[in-house]
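See below for the structure under consideration.
The values are calculated or read from the model by the stated rules, or taken from the named source; none is laboratory data. All values reported here derive from a predicted model rather than from experimental measurement. Quick reminder, even Gly has a Cβ in these numbers, built from the backbone with ideal geometry, and neighbours come from all protein chains shown.
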Amino acid sequence: MENEKKPCKHSLTVKTSHVLPPDTNAHGTLFGGKLMAYIDDVSAIAASRHARKTVVTASTDSVDFLTPVHEGDTICLEAFVTYTHKTSMEVFVKAVTENLLTGERNICATAFLTMVAIDENSKPAPVPQVYPETEEEQWLHQGAEKRADYRKGRKKDSKDMAEKFGTDLPWFRA
């Protein structure tokens, strides 16, 4: 499987949901955590589609909420694998909100997630390589190694912080 190559479009996953009252906050807009759950879900589907294996989320880059998603709108997420390493895959997700009455559409968020394929023993498993075809896919693919290096540094910082604060409760001292 390591020598197998698949185009980015092979993993394309699209998911659309109607934003209902239980999904919204006191302002009548979609909970940020709900949007993040949608992003994680569609990313996992795209990564599994590419690897044809079970996957787990290794990291989520920052998610910036660009425009609000209102109750009654739809939220459409598109995800595909942009880059692969040995067992990991970078997945790009674009979220678009649409007002069904006016037809107005806006990108409400974009994100990159790193997903890792696992085998039946829950150990990292090799994934096929991915190759870009469109101009947009090539642009995302070309920046992937730089983003991966940034993630490695961020993970180290997170580990350092976890070690500094430890597991004792409360972590703050008066």
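Sub-9 Å Cβ pairs linking a first residue in segment 1-16 that is modelled with pLDDT of 95 or more to a second residue that is of a type in the set (Val, Ile, Thr) and not in a strand (DSSP E or B), at least 6 apart or interchain, are Cys8/Thr134; Lys9/Thr134; Ser11/Ile45; Thr13/Val42; Thr13/Ile45; Val14/Val42; Lys15/Val42; Lys15/Ile45, ordered by first then second residue.
Looking only at segment 36-60, residues that are touching a residue at least 40 places away in the same chain (Cβ under 8 Å) and of a type in the set (Lys, Arg) come to 1 in all. On the given criteria, is Thr134 over 23 Å from Val55 (Cα atoms) and in contact with a helix residue (DSSP H, G or I) (Cβ under 9 Å, 6 or more places away or on another chain)? Judged against the criteria, Thr134 is a match.
Screening Thr57, Thr82, Thr16 for residues that are under 20 Å from Tyr150 (Cβ atoms), surrounded by fewer than 18 Cβ atoms within 10 Å (Cβ to Cβ) and in contact with a strand residue (DSSP E or B) (Cβ under 9 Å, 6 or more places away or on another chain) leaves exactly one candidate, Thr57. Considering the conditions (1) closer than 19 Å to Pro126 by Cβ; (2) in contact with a Cys (Cβ under 8 Å, 6 or more places away or on another chain), Ala58 is excluded by exactly one of them, (2). Residues in segment 22-54 that are closer than 30 Å to Glu120 by Cβ and among the hydroxyl-bearing types (Ser, Thr, Tyr) were compared, and the one that is surrounded by the fewest Cβ atoms within 10 Å (Cβ to Cβ) is Thr54.
For beta carbons closer than 8 Å, sequence separation of 6+ or different chains, a first residue in segment 109-129 that is without any contact (Cβ under 8 Å) to a residue 60 or more places away in the chain and a second that is among the charged types (D, E, K, R), the qualifying pairs are Thr110/Asp64; Thr110/Lys94; Phe112/Asp61; Phe112/Glu90; Phe112/Arg147; Thr114/Glu90; Thr114/Arg151; Pro124/Lys86.
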